[in-house]
Amino acid sequence: MGHVDVIARATTLFDEVVVAVLHNPDKLGTFAIPERLRLLRESLRQHLGERPGVSVVEYGGRLLVDVCRDVGASAVVKGLRGGTDFAYELPMALMNRHLSGIETVFVPGDPRYEHVSSSLVKQVSAYGGDVTGLVPDVVRDALSKRWAAGR
């Protein structure tokens, strides 16, 4: 839900928000890319409605700055849960600015989700824990099916 919150708040800052799903083609995630995109689009539709100016795109094996150039982005929006996220994200923001001049806008995350990470959600869900309210319902249901299928 933290990602949905940051995307919703980004729509109040920018007329157009492109949610870029970048992935490493050499890594296998919990869900295949088409499924991740479907879950993201359905989650955004459920929580934001059909908001104009919000789109979802995916890119593999590319630098974020190249994606920004392709979509004409003037800034990158990143949500931060706390100081650890800032320490991780700041060097990337500075490198992105060095490479292309693009600025990064840091949005403080909603404190209700400060303890939530994708790895923690996956672990709790895999062992049958209830992640309701931490992820969109469609994601919770997809995780439950994934673990029931034995991955």
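The values are calculated or read from the model by the stated rules, or taken from the named source; none is laboratory data. Quick caveat, the model's predicted, so the values are computed rather than measured. Methodologically, a virtual Cβ is constructed for each residue, glycine included, from the backbone with ideal geometry; neighbour enumeration extends over all protein chains shown. In case anyone asks, the SASA skips ligands and DNA or RNA and just uses the protein heavy atoms, side chains included. Shrake-Rupley method; radii C 1.70, N 1.55, O 1.52, S 1.80 Å.
Odds and ends about this structure:
- Per-residue HN-Hα couplings for segment 40-45 [Karplus 6.51, -1.76, 1.60; θ = phi - 60°; Hz; x = Gly/Pro]: 5, 4, 5, 5, 5, 4
- Furthest towards positive pole of dipole, THR132, HIS115, ALA148, structure part segment 112-151, Cβ charges: ALA148
- Where labels lie 7 Å past Cα in the beta-carbon direction, separation of MET95 and ASP5 in nm: 2.7 nm
- Karplus-derived HN-Hα couplings along segment 124-139 (A = 6.51, B = -1.76, C = 1.60, θ = phi - 60°), whole Hz, x at Gly and Pro: 4, 5, 4, 9, x, x, 8, 9, 4, x, 9, 9, x, 3, 5, 6
- Dipole magnitude for the chain: computed about the Cα centre from +1 point charges on Lys and Arg Cβ and -1 point charges on Asp and Glu Cβ, it is near 360 debye.
- Estimated from helical segments only, the mean residue ellipticity of the chain at 222 nm is -15500 deg cm²/dmol, where each DSSP H run of four or more residues counts as -39500 (n - 2.57).
- Euclidean distance of C-alpha centroids, segment 39-87 and segment 1-18, integer Å: 8 Å
- Residues ARG38 and LEU120, FRET efficiency given R0 of 30 Å [Cβ-Cβ distance, rounded to 0.05]: 0.85
- Efficiency of FRET between TYR88 and GLU16 - r from beta-carbon atoms, R0 22 angstrom, step 0.05: 0.25
- On Cα atoms only, tilt of 2-13 relative to the major axis of the chain in degrees: 30 degrees
- Taking amide H positions as modeled 1.01 Å from N, with prolines and chain starts lacking one, the residues under 5 Å from GLU58 and 5 or more places away or on another chain are VAL21.
- Using θ = phi - 60° and Karplus 6.51 cos²θ - 1.76 cosθ + 1.60, couplings along segment 69-75 (whole Hz; Gly, Pro as x): 4, 4, 8, x, 6, 9, 7
- For LYS145, the lysines whose Cα falls under 18 Å of its own Cα, not counting residues fewer than eight places away in the same chain, are LYS122.
- Cα-centred dipole magnitude for segment 81-151, charges only on beta-carbon of K, R (+1) and D, E (-1), debye, nearest 20: 320 debye
- Segment 3-77: C-alpha gyration tensor shape, a/c 1.5 cut-off, then a/b vs b/c: oblate
- The residues of segment 1-78 expose on average 59 square angstrom of accessible surface per residue, using a 1.4 Å probe on protein heavy atoms.
- Share of carbon and sulfur in the accessible area of the chain stands at 55%, probe radius 1.4 Å.
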